[in-house]
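Participant: I am attaching a structure below and will ask some questions about it afterwards.
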Amino acid sequence: MTRILRVMGLTILLSYLFLGQANGLAVMSVDIGSEWMKVAIVSPGVPMEIALNKESKRKTPAVIAFREDERLFGEDAQVVGVRFPKNSFSYVLDLLGKSIDNPIVSLYQKRFPYHEIVADEERNTIAFKIDDGTVFTPEELLAQLLHKAKEMAENSANQKIKEAVITVPGFFNQAERRAVIQAAELADIKVLQLINDYTAVALNYGIFHRNEFNETTQYIMLYDMGASSTTATVVSYQNVKTKERGFVETHPQVSILGVGYDRTLGGLEVQTRLQHYLAEEFDKLKKTKTSVFESPRAMAKLFKEAGRVKNVLSANADHYAQIEGLLDEQDFKLQVTREKLEELVADVMERVTAPIKMALDTSQLTMDVISHVILVGAATRMPKVQEMLQKYLNTELSKNINTDEAAVLGAVYKAADLSQGFKVKKFITKDGVLFPIQIVFDKSSEEKSKQVRRTLFSKMNAYPQKKIITFNKRQGDFEFSVGYADLDHIPPHQIPAIGNLNLTTVALTGVAEAFEKHQKEGAESKGIKAHFSMDDSGLLDLINVELVSEKSATVEKDEGTFSKLGSTISKLFSGSDEPEAEKVEEPPKEDVKPVREESETPPAAESQEKLNSTNGTKSEESKPLNQTEKTTEKKVTVINLKEPISSSERKYGPQPLQGHKLEESSEKIKQLELRDLEKVRRETALNTLESFVIDTQQHLQRDEFKTAAAPGEIERIIEACSATSDWLYEDGFGQNADIYEGKLNDLKKLTSELYERVYEHRERPEVLAGMETMLNGSNFFLNNMKNINSADKIFTSVEIETLEKIINDTHEYHQLVIKTVSETKLHEPVKHKVRDIANKMALLDREVKYLVNKAKIWKPKVEEKAPEGSGNDNETESTPEGNSTNPGDSEETITINSEEEAIIEGQPNATTEELEPAKEEDEEEKKEARVEL
């Protein structure tokens with residue numbers, strides 16, 4: 001942590017740009033993984049910080065569970081998941097944007113058979129069915145997890161947060177990315193950007209090593225094995241020059257050059273293998289008639305224990321797996337060795353190096369240029385994984401970044417960069433397209449029709465980027481398809497997980513009408529252009545489609561001598577010899593034939609003309625400047641005509657939530673949040689009521705309460721507290737917050753007078769002692785005022801009389817309170833309360849402070865002395881040493897007081913010396929008075 005703070009002082013926030021109030025400036029990042037969720041924030045005064053959960057931990061299990069009317073997250077959800085596995089949902093990220101026939105969904109059902117996954121035919125996706133009336137989609141479950149992450153961030157930042165950068169696996173396709181954004185919208189989060197997890201890690205690494213980069217490209221490889229997937233990424237770092245706001249600046253840049261992945265290889269597969277091994281060993285013991293595979297609760301217990309044993313075996317050679325009451329109250333204990341675990345996952349370990357080969361192939365690089373291989377992800381801690389990587393790469397493996405927090409910290413740096421409230425040192429990121437995208441359309445011919453394919457975004461194209469595809473031979477309505485191109489670089493067994501390879505079909509209408517309109521205007525068609533963009537989040541969008549045509553027009557321009565002169569001066573100050581481009585308005589729509597612009601005068605003829613002009617009659621330069629000459633110049637310009645083309649898209653694959661489905665999901669999540677808020681309110685009211693009853697019963701046993709209580713008052717309070725206590729433990733436990741708060745108010749009304757009397761009797765002696773001390777100090781200060789005032793006249797007589805009157809009034813009030821207290825019984829109502837005594841003291845304190853401040857700023861008045869030789873008008877005044885007044889210089893009279901004169905001349909003034917000791921003595925007396933006060 002110390003290293004992070006030290007480096008942040010050099011790299012992260014240079015300054016905060018406070019735009020309006022501080023509230024709402026904070027941003028966050030969420031690294032939502034299959035197994036864990038990490039949250040980071042950037043807020044005013046806090047550079048980059050991990051948001052802690054309620055257990056004060058830096059990462060939270062990405063688990064959500066439902067039990068009756070409760071909704072639980074994190075570790076609480078894991079506990080419920082062991083007892084009620086059907087109602088606990090984890091690894092939700094793997095199911096986003098997938099149809100029921102996707103192999104990833106089938107694998108999920110195999111790993112967690114106790115979940116009932118149903119098809120959503122309307123959206124071509126899936127949903128979890130809890131009971132007949134409760135169904136949750138993966139987007140809804142993820143939205144609830146993201147909302148919990150938002151709560152954690154807001155609690156850490158102490159303000160509302162709306163904007164976030166969210167990490168996603170780099171192999172997420174278009175449907176999966178849109179599902180994440182929709183889940184964030186349901187959680188009331190504005191997504192600044194979806195960032196690939198390996199890009200976030202690379203950015204985090206670059207932040208802490210930016211001083212090591214230069215113009216020479218450096219290559220590293222990130223190997224990330226997480227819970228459910230593995231990626232290998234080749235990235236490059238170098239300093240590049242960019243031109244911004246007219247200035248050339250140098251910034252570091254990280255580029256994603258190659259990516260390889262296996263979306264089913266991870267710690268979850270190892271954990272599942274170990275779970276099934278433990279289940280088989282338990283069944284071999286024949287302790288129960290029922291197989292453990294038939295009990296969802298027992299399998300959930302084994303899954304949790306397998307995860308614990310797997311982690312322990314990463315650092316130990318063997319360990320015991322043990323579960324009390326696994327099935328039918330039968331305990332289970334088994335020793336598991338690391339060697340046995342590696343034997344169980346031998347075929348899994350053979351896939352460890354495949355992503356590296358794929359990453360090198362897509363980057364077209366070799367390991368010779370890779371300077372570091374950095375391990376990321378919790379599963380890379382397994383010794384067998386490191387052994388296989390070491391053997392395959394034959395290089396040292398680096399472990400110099402935090403595998404748990406690198407992605408979320410890199411993402412929050414990007415969030416600060418994208419937000420409007422912070423300014424960070426620029427670090428350029430260039431991501432790459434993992435799945436190439438192509439356009440497919442039919443090419444008509446006389447014999448047959450065949451399909452034409454055009455690549456829109458090729459493999460590892462950098463994005464964000466815009467692309468335009470032009471259709472030159474289409475003059476009527478037509479369609480074209482957008483989908484994934486050749487995926488030869490993807491392993492064949494990974495392609496089915498991508499889902500439908502066709503993304504959309506775009507239908508264009510009104511093409512013939514647009515052509516006819518441009519032909520009437522005499523324009524030449526340049527084709528129909530479809531504009532696409534891939535944004536920072538890797539989402540592909542069709543911006544617009546338009547027909548582009550060109551036509552030529554001749555423009556006559558009158559230019560006089562002064563106009564030419566102005567044009568020449570303008571060129572001179574523009575610093576360019578080339579003529580500035582002119583803005584030409586479109587001429588009236590009429591038939592104009594396209595012409596080719598040619599030089600009006602050949603170069604040789606032009607030179608001869610200049611020679612004749614020089615030797616012949618008066619040249620243009622010899623004409624008088626006050627004469628205005630007009631020349632007519634004809635220029636041929638090209639005008640671009642653009643006509644929008646209507647387009648409609650038909651999307652394939654899983655569809656986003658929209659219409660009534662979106663409204664239902666929003667309302668469902670809103671009701672769950674309101675229910676949670678009501679639950680918190682109810683629990684708080686219950687705890688407060690219970691604590692108040694117990695505290696009151698204990699207080700009534702003290703002597704100060706017994707003496708301050710009126711006859712029969714304690715009995716009434718004890719009776720009410722006992723009745724409330726009995727009600728809480730019998731019928732009142734399941735009541736709502738309003739009832740608890742009502743009973744609490746009734747008890748407070750019953751005990752308020754007693755509590756007030758106890759407070760008054762407890763605090764009054766100290767307050768009265770303070771008043772007495774204040775009176776003594778004020779009297780001492782008053783006497784000093786009178787003594788000082790007789791000589792220096794610091795205070796007016798009205799001020800002295802006013803202070804004296806307030807002191808006397810306060811003294812009389814002090815005596816009255818003491819007398820009243822002595823005559824009043826402790827159980828009787830208090831006549832002079834502590835707050836009344838404090839208000840009386842405040843009047844005196846305010847008056848004394850005013851007079852003390854007046855004495856502090858007072859300065860004695862010193863009469864000006866007549867200068868020596870004032871009768872001689874020609875005598876000059878003395879000047880500071882080193883500054884002489886020359887004869888003949890104009891004289892200037894400067895009036896200064898004697899104290900200033902003494903300082904300027906370097907000589908102490910007699911009057912000042914006499915006053916200084918008195919002032920010091922006064923200050924000491926005032927300090928004494930203030931100390932006593």
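Participant: If you go through the stretch 786-817, how many residues are of a type in the set (A, V, I, L, M, F, W, C), surrounded by 15 or more Cβ atoms within 10 Å (Cβ to Cβ) and within 25 Å of Ile837 (Cβ to Cβ)?
Facilitator: 4
Participant: When you check Ser419 against the structure, is it among the small types (Gly, Ala, Ser) and farther than 27 Å from Asn214 by Cβ, yes or no?
Facilitator: Yes; evaluated as a whole, the condition is true for this residue.
Participant: Can you tell me which residues in the stretch 810-840 are without any contact (Cβ under 8 Å) to a residue 12 or more places away in the chain and over 18 Å from Arg757 (Cβ atoms)?
Facilitator: Scanning the stretch 810-840 gives Glu812, Gln815, Lys819, Asn839.
Participant: Please state which of the following conditions Leu851 fails to meet, knowing it meets all the rest: (1) under 19 Å from Phe780 (Cβ atoms); (2) modelled with pLDDT of 90 or more.
Facilitator: Of (1) under 19 Å from Phe780 (Cβ atoms); (2) modelled with pLDDT of 90 or more, only one is false for Leu851: (2).
Participant: Step by step: first the residues of the stretch 121-137, then only those that are buried (at least 17 other Cβ atoms within 10 Å of the Cβ) and in contact with a strand residue (DSSP E or B) (Cβ under 7 Å, 6 or more places away or on another chain), then the one that is farthest from Pro103 (Cα to Cα). Which residue is that?
Facilitator: So, considering only residues that are buried (at least 17 other Cβ atoms within 10 Å of the Cβ) and in contact with a strand residue (DSSP E or B) (Cβ under 7 Å, 6 or more places away or on another chain), the one farthest from Pro103 (Cα to Cα) is Phe136.
Participant: Do the conditions hold for Ala462, that is, is it within 41 Å of the chain's Cα centre (by Cα), modelled with pLDDT under 95 and not hydroxyl-bearing (Ser, Thr, Tyr)?
Facilitator: Judged against the criteria, Ala462 is a match.
Participant: Something else: Which of (1) surrounded by fewer than 24 Cβ atoms within 10 Å (Cβ to Cβ); (2) more than 22 Å from Ala65 (Cβ to Cβ) does Thr199 not meet, given it meets every other one?
Facilitator: Thr199 satisfies every listed condition except (1).
Participant: Gly267 fails exactly one of the following numbered conditions: (1) under 29 Å from Phe332 (Cβ atoms); (2) surrounded by fewer than 22 Cβ atoms within 10 Å (Cβ to Cβ); (3) of a type outside the set (S, T, N, Q). What is the number of that condition?
Facilitator: (2)
Participant: To continue, here is another question. Of all helices (runs of 4 or more DSSP H) completely enclosed by the stretch 307-391, which ones contain at least 2 residues that are hydroxyl-bearing (Ser, Thr, Tyr), over 24 Å from Arg111 (Cβ atoms) and under 37 Å from the mean Cα position of the chain (by Cα)?
Facilitator: In the stretch 307-391, 354-363 are the helices (runs of 4 or more DSSP H) which contain 2 or more residues that are hydroxyl-bearing (Ser, Thr, Tyr), over 24 Å from Arg111 (Cβ atoms) and under 37 Å from the mean Cα position of the chain (by Cα).
Participant: Can you say whether Pro644 is closer than 30 Å to Asn544 by Cα, surrounded by fewer than 17 Cβ atoms within 10 Å (Cβ to Cβ), modelled with pLDDT of 90 or more and of a type outside the set (Phe, Trp, Tyr), as far as the supplied structure shows?
Facilitator: Criteria met by Pro644.
Participant: So, restricting to strands (runs of 3 or more DSSP E) that lie completely within the stretch 43-161, which ones have at least 3 residues that are in contact (Cβ under 8 Å) with a residue 12 or more places away in the chain and touching a helix residue (DSSP H, G or I) at 6+ places or on another chain (Cβ under 8 Å)?
Facilitator: 46-50, 63-67, 70-73, 88-90, 125-131
Participant: Further question on the same structure: Within the stretch 696-715, which residues are of a type in the set (D, E, K, R) and in contact (Cβ under 8 Å) with a residue 60 or more places away in the chain?
Facilitator: The one that is of a type in the set (D, E, K, R) and in contact (Cβ under 8 Å) with a residue 60 or more places away in the chain: Glu713.
Participant: Condition (residue is acidic (Asp, Glu), within 16 Å of Ser647 (Cα to Cα) and either surrounded by fewer than 18 Cβ atoms within 10 Å (Cβ to Cβ) or modelled with pLDDT under 95 (or both)) applied to the stretch 519-535: is it met by at least one residue?
Facilitator: No, the stretch 519-535 has no match at all.
Participant: Output the residues belonging to the stretch 291-305 that are of a type outside the set (D, E, K, R) and buried (at least 17 other Cβ atoms within 10 Å of the Cβ).
Facilitator: If the condition is that a residue be of a type outside the set (D, E, K, R) and buried (at least 17 other Cβ atoms within 10 Å of the Cβ), then Val292, Ser295, Ala298, Met299, Ala300, Leu302, Phe303 are the ones that fit.
Participant: Now for a separate question. From Ser691, Ser725, Ser752, which residue is of a type in the set (S, T, N, Q), touching a helix residue (DSSP H, G or I) at 6+ places or on another chain (Cβ under 8 Å) and in a helix (DSSP H, G or I)?
Facilitator: Of Ser691, Ser725, Ser752, the one residue that is of a type in the set (S, T, N, Q), touching a helix residue (DSSP H, G or I) at 6+ places or on another chain (Cβ under 8 Å) and in a helix (DSSP H, G or I) is Ser725.
Participant: Assess whether Ile718 counts as being surrounded by 14 or more Cβ atoms within 10 Å (Cβ to Cβ), assigned to a helix (DSSP H, G or I) and touching a residue at least 24 places away in the same chain (Cβ under 8 Å).
Facilitator: Taking the combined requirement at face value, the residue does not satisfy it.
Participant: Residues in the stretch 436-459: is at least one crowded, with 16+ Cβ neighbours inside 10 Å, more than 30 Å from Ala514 (Cβ to Cβ) and among the hydrophobic types (A, V, I, L, M, F, W, C)?
Facilitator: No, every residue in the stretch 436-459 fails to be crowded, with 16+ Cβ neighbours inside 10 Å, more than 30 Å from Ala514 (Cβ to Cβ) and among the hydrophobic types (A, V, I, L, M, F, W, C).
Participant: If you don't mind, there's one more thing I want to ask. Taking the stretch 209-237 as the search range and keeping residues that are of a type in the set (Phe, Trp, Tyr) and touching a residue at least 40 places away in the same chain (Cβ under 8 Å), which one is nearest to Glu269 (Cα to Cα)?
Facilitator: It comes out as Tyr223.
The values are calculated or read from the model by the stated rules, or taken from the named source; none is laboratory data. No experiment lies behind these values; they were computed from the predicted model shown. No Cβ is skipped: glycine too gets one built from the backbone with ideal geometry, and neighbour counts run over all protein chains shown.
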